[in-house]
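Student: First the structure, then my questions, so here it is.
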Amino acid sequence: MNTQWSIESFFQLLQRNDEPAILLDDSPAITYHQLLSSIDTNVRLLQPSGPSGQSCIVTIDVSLSWRFIPLMLAAFKLRWTVIPIDSVHDKTLAHKMNAEFPHALHLDESNVDDTGLIKLSHPPTLIPNIDPQLAHVALMVQTSGTSGHPKLVMLTYENLASNAADIVEALRLESHERILIQRPLSYSSALTGELLAGLAAGSAIYIKPAAYSPLLTLSLIQKHAITTIGSSPTLLTLLAPHTSKYDMSSLQRIILSGERLTETQLATILTAYPNNVSLWNAYGMTETAPRISCLQIDSDKHKAACVGPPLRHVNVAIVNSNGGPVPEGSSGFLIVSGPNVMRGYYNNPELTQQKIRDGWLFTGDTASIQNGMIIIHGRADHMIIRAGCNIYPEEIESLIAGCPGVYEAYAFGIPHSRRGAEIHVWLTCADGVTTLDIQQYLLNIDANPRLWPDVIHVRDELPKTSTGKRFRATPPI
């Protein structure tokens, strides 16, 4: 393990100042010294629970909000493996994790006080983790991607520390920043991409309570003088019509991630949010801890599909279906290597071997690299083949989302006996917009016939995950 990416080096960063670390709604901020004190107290409370010098597993409910932080970091100090669970947004999966790891320590509202300290009347007897696949594993993060089939991704201490350090460097995060985390900490985009990176930079963090709606994001920016926020493009597009109602003068940086940014979303966000705000397009996945690349968007130079160069210690390549190289600028399958690549999927060596080959992780995304910049084309595993043509749902969704009055579009394929697939599109739109309007729009812009849907359905809402990310299933009906 590279010592610069050890958990010890991360804690050394936390000791550099005594500025605010955690912002609270109705109480003074918690400083870095106070946070470290809470972490050390939790370490002392936890040590009698586990065998000396041996790792244990702990599940922590992210609905604890900011109190999750001193619990997780205490477990990290003990070299335990943490499983974040979300009892608010995904109760079924939370129960499943608690049942799958019955000998783990489960931390939630029942045994954590209002200050983020553990309250155990009797230290539980914990069985040490002797599973070799969990050696040096800091986190096991549930991921469904867009398929809806949960997997446990094993992320090591090196994965987390290296990626947090690369994110700080790429985004140029500084200690004066005030970061709003509005996505659940059960997602690595929030946990590593925002929380650990923010702490490593010495920034102040505000964790949106689980009971707060994402629609309160703008008011929280105003209330806490937030300078930096990470969000899905969908959420910021939804909030765009309301930005003028709030004081957004503190906002300096928006980091978009979690889904492929479309040109329509980019145009909406650029128009709605303050001109002096730097807009970043971040790309990654849970299996890469999560960041692979990020780009400060220059709307005159960059398309929405451009996610920039890889982070400093991340290697990327584009290969064909046989794993061989493709010509510069050509489309193919994006693969990644580096210290941020996961250990693997817990108890799923077959899937791990499919995902990681010869040290390279196959992302499942199709992309090209042009002048060192990664251009994301779509998900290879959601590709629709109709009449011999390969079509990515994102292409159709971006096209139709440009129609006036359309809010969101969701494309998918239904098996067809003659053409291989029939393309359906679900969309949400303003009152009065009809399927005939969509078809006329496609005619007016001379849309590529390859991208025309066969069936269009207007719906009240589209399937989403708990964080507002588009949920893909094949087929969803």
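Student: Condition test on Arg357, is it of a type outside the set (Val, Ile, Thr) and not assigned by TED's automatic domain parsing to the domain that holds Glu259?
Tutor: no
Student: Considering the range 350-367 alone, what residues qualify as being surrounded by fewer than 17 Cβ atoms within 10 Å (Cβ to Cβ) and in a strand (DSSP E or B)?
Tutor: Within the range 350-367, Arg357 is the sole residue that qualifies.
Student: Which of the residues belonging to the range 368-382 are touching a residue at least 12 places away in the same chain (Cβ under 8 Å) and either touching a Pro at 6+ places or on another chain (Cβ under 8 Å) or not in a helix (DSSP H, G or I) (or both)?
Tutor: Ser368, Ile369, Gln370, Gly372, Met373, Ile374, Ile375, Ile376, His377, Gly378, Arg379, His382
Student: May I ask you to verify whether Ala21 is modelled with pLDDT of 95 or more and in a strand (DSSP E or B)?
Tutor: Judged against the criteria, Ala21 is a match.
Student: Let me ask something additional. Before we move on, is Ala421 assigned to a loop (DSSP other than H, G, I, E, B) and either within 25 Å of Tyr187 (Cα to Cα) or at pLDDT below 85 (or both)?
Tutor: No, not satisfied.
Student: Any residue in the range 262-284 that is touching a strand residue (DSSP E or B) at 6+ places or on another chain (Cβ under 8 Å), assigned to a loop (DSSP other than H, G, I, E, B) and within 26 Å of Leu218 (Cα to Cα)?
Tutor: yes
Student: Could you give every pair whose Cβ atoms fall below 7 Å, whose first residue belongs to the range 401-415 and is without any contact (Cβ under 8 Å) to a residue 60 or more places away in the chain, and whose second residue is surrounded by fewer than 22 Cβ atoms within 10 Å (Cβ to Cβ) and in a loop (DSSP other than H, G, I, E, B), counting only separations of at least 6 or pairs across chains?
Tutor: If the second residue must be surrounded by fewer than 22 Cβ atoms within 10 Å (Cβ to Cβ) and in a loop (DSSP other than H, G, I, E, B), the pairs left are Gly405/Ala430; Gly405/Val433; Val406/Val433.
Student: Does Ile207 satisfy being crowded, with 23+ Cβ neighbours inside 10 Å, of a type in the set (Val, Ile, Thr) and in contact with a Leu (Cβ under 6 Å, 6 or more places away or on another chain)?
Tutor: no
Student: Follow-up. Only residues that are assigned to a loop (DSSP other than H, G, I, E, B), surrounded by fewer than 23 Cβ atoms within 10 Å (Cβ to Cβ) and not hydroxyl-bearing (Ser, Thr, Tyr): list them for the range 78-92, please.
Tutor: Leu78, Arg79, Asp86, Val88, His89, Asp90
Student: For the range 163-181, state whether one or more residues are within 11 Å of Arg291 (Cβ to Cβ) and polar (S, T, N, Q).
Tutor: So far as the range 163-181 goes, yes, one or more of its residues are within 11 Å of Arg291 (Cβ to Cβ) and polar (S, T, N, Q).
Student: Find all pairs meeting these conditions: Cβ atoms under 6 angstrom apart; at least six residues apart or on different chains; first residue within the range 164-176 and touching a residue at least 24 places away in the same chain (Cβ under 8 Å); second residue of a type in the set (A, V, I, L, M, F, W, C) and in a helix (DSSP H, G or I).
Tutor: Sorted first by the residue in the range 164-176, then by its partner, the pairs are Ala164/Leu196; Ala164/Ala197; Ala164/Ala200; Ile167/Ala197; Val168/Ala197; Val168/Ala200.
Student: Could you check how many residues of the range 449-466 are modelled with pLDDT under 85, surrounded by 12 or more Cβ atoms within 10 Å (Cβ to Cβ) and more than 25 Å from Gly258 (Cβ to Cβ)?
Tutor: 1
Student: Give Ala430, Ala380, Ala387 a once-over and let me know the one that is at pLDDT below 95 and under 20 Å from Arg260 (Cα atoms).
Tutor: Unique residue meeting the criteria: Ala380.
Student: Taking the criterion of being among the hydrophobic types (A, V, I, L, M, F, W, C), assigned to a helix (DSSP H, G or I) and modelled with pLDDT under 95, would at least one residue in the range 201-213 satisfy it?
Tutor: Checking the range 201-213: not a single residue is among the hydrophobic types (A, V, I, L, M, F, W, C), assigned to a helix (DSSP H, G or I) and modelled with pLDDT under 95.
Student: Filter the range 384-403 down to the residues that are touching a strand residue (DSSP E or B) at 6+ places or on another chain (Cβ under 8 Å) and assigned to a strand (DSSP E or B) and list them by number.
Tutor: Ile384, Ile385, Arg386, Asn390, Ile391
The values are calculated or read from the model by the stated rules, or taken from the named source; none is laboratory data. Note that the structure is predicted; figures quoted are calculated from it, not measured. Cβ: placed from backbone, ideal geometry, glycine included. Neighbour counts: every protein chain shown.
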